[in-house]
Amino acid sequence: MVLEIKSIKLIRNRRLIIDKFNLKIKKSQIFILVGKNGSGKSTIMDLVVGLIKPYEGNIKILNHNLDEIKHLLRDYVFYLPHENSLKDNLTVRENLEIWLDLLGFRISNQDLRLKLNFFDLEPYIDFPVGKLSHGQKKKVALTKLFFTESLLWLLDEPFNGIDKSSSKKLSLLIENFAKNGGAVLLSSHIDINLKKSKKIL
């Protein structure tokens, strides 16, 4: 089992946010959390990566309790939050190189340009991120998918703000990852159709 969420309960300010939520994801599975903004989709993702702790319940990744492998979580899980976490004053290249450096990765200029070309971003490689559109910023963040070796992808609203062509490319990227043994949990406030995916409403 790649991810197991068992009887999660979350209370904030004496308000019940999540009650007895359960989910199991194996290799080559895609699960989509579908719901309105504010329905708790992002909260579930934050729970999985340990940003917040549940009131009750347990989370396991690769059959290990989350607390046991928290220091190794980056090796197992790639988390793309709703906010792009990019610095506007830095270029596309600089943003990605800083992120890659944190992971201990080194890539050539040619490889970086090749990966950026997937979402038609190669011409903007030396543009400050602050000068890009919302959709382009999103695609810069999504380009990180090419550089992670994690078995589990957590994608919070990955289709939000990108054009139809890019959405098709992203769908293929996610489906191919799952086809090759990856596990995916993504959220969306709109109806997304991915091959062999399961929806949680």
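The values are calculated or read from the model by the stated rules, or taken from the named source; none is laboratory data. Computed from a predicted model, the values in this text were never measured in an experiment. As a convention, Cβ positions derive from the backbone with ideal geometry for all residues, glycine included, and neighbour counts pool all protein chains shown. Side chains included, ligands, DNA and RNA excluded: accessible areas come from the protein's heavy atoms. Shrake-Rupley method; radii C 1.70, N 1.55, O 1.52, S 1.80 Å.
Express the accessible area of the chain per residue in Å², computed with a 1.4 Å probe while the remaining protein chains stay in the model. Present the calculation step by step, with values, prior to reporting the outcome.
Numbers: 11060 Å² over 201 residues.
Here the residues of the chain average 55 Å² of exposed surface.
If Lys and Arg each add +1 and Asp and Glu each add -1, what is the summed charge of the other residues whose beta carbon sits under 13 Å from the beta carbon of N84?
Details: positive: K87, K137, K138, K139, K144; negative: E83, D88, D156, E157.
That works out to +1.
Of the peptides 37-49, 19-31, 102-114, how do they stack up when ordered by the mean number of other Cβ atoms within 10 Å, highest first?
Working: 37-49: 18.7, 19-31: 15.3, 102-114: 11.8.
So the peptides 37-49, 19-31, 102-114, ranked by packing, come out 37-49, 19-31, 102-114.
Would you mind checking the pairs K9/K164; K9/K70; K53/K144; K27/K138; K20/K138 and listing those with alpha carbons more than 30 angstrom apart? Walk me through the numbers before you get to the answer.
Details: K9/K164 36 Å; K9/K70 20 Å; K53/K144 26 Å; K27/K138 26 Å; K20/K138 32 Å.
As for pairs spanning more than 30 Å Cα to Cα, those are K9/K164; K20/K138.
Label N160 and N63 with points 7 Å out from Cα along Cα→Cβ: what is the distance between them in nm?
The answer from the label model is 3.6 nm.
Give me the net charge of L151's neighbourhood, meaning all other residues with Cβ under 10 Å from the Cβ of L151; Lys, Arg count +1, Asp, Glu -1.
On the way: positive: K27; negative: D75, E149.
The answer is -1.
What value, in deg cm²/dmol to 500, does the helix sum -39500 (n - 2.57) over DSSP H runs of n ≥ 4 give at 222 nm once divided by the residues of the chain? Let's see the in-between values first.
Working: 7 runs with 62 residues, N = 201.
Here the helix-only value at 222 nm equals -8500 deg cm²/dmol.
Can you pull the Rg over Rh of segment 92-177, Cα-only, Kirkwood? Show your work: numbers first, answer last.
Values: Rg = 12.5 Å, Rh = 13.4 Å.
We get a ratio of 0.93 for segment 92-177.
Show me 147-159, 77-89 ranked by packing, highest mean number of other Cβ atoms within 10 Å first. Mind showing how you got there, number by number?
Numbers: 147-159: 19.8, 77-89: 16.5.
Taking the mean over residues of other Cβ atoms within 10 Å, the ranking is 147-159, 77-89.
Tell me, what % of the accessible area of the chain is carbon and sulfur with a 1.4 angstrom probe?
Working: 5360 of 11060 Å².
With neighbouring chains kept in place, the figure for the chain is 48 percent.
Quick one: P(r) of the chain from all Cα-Cα pairs, 5 Å bins, percents rounded to integers, in order of increasing distance.
1, 7, 15, 19, 20, 16, 12, 7, 3, 1, 0
Count the net charge of all other residues whose Cβ sits under 13 Å from the Cβ of L112, scoring Lys and Arg as +1 and Asp and Glu as -1. Provide the component values of the computation, followed by the final result.
On the way: positive: R93, R106, R113, K115, K144; negative: E94, E97, D101, D111, E122, D126.
Overall, the nearby charge balance is -1.
Taking Cα atoms, how many degrees apart are the long axis of helix 164-179 and the longest axis of the chain, rounded to 10 and kept between 0 and 90?
Once rounded, one gets 60 degrees.
Angle check, please: helix 92-103 long axis (alpha carbons) against the longest principal axis of the chain (alpha carbons), in degrees 0 to 90, nearest 10.
Around 50 degrees separate the two axes.
Using +1 at the Cβ of each Lys and Arg and -1 at the Cβ of each Asp and Glu in segment 1-134, identify which of L121, H134, I52 lies farthest towards the dipole's positive end.
Selected residue: I52.
Using the per-residue mean of other Cβ atoms lying within 10 Å as a proxy for protection, in what order, highest first, do the peptides 134-144, 115-125 fall?
Working: 134-144: 19.9, 115-125: 17.2.
Per-residue Cβ counts within 10 Å, averaged per peptide and sorted highest first, yield 134-144, 115-125.
Could you work out Rg/(2.2 N^0.38 Å) for segment 115-164, with Rg from alpha carbons only? It would help to have the intermediate numbers written out before the result.
Working: Rg = 11.4 Å, N = 50, 2.2 N^0.38 = 9.7 Å.
So segment 115-164 has a normalised radius of gyration of 1.17.
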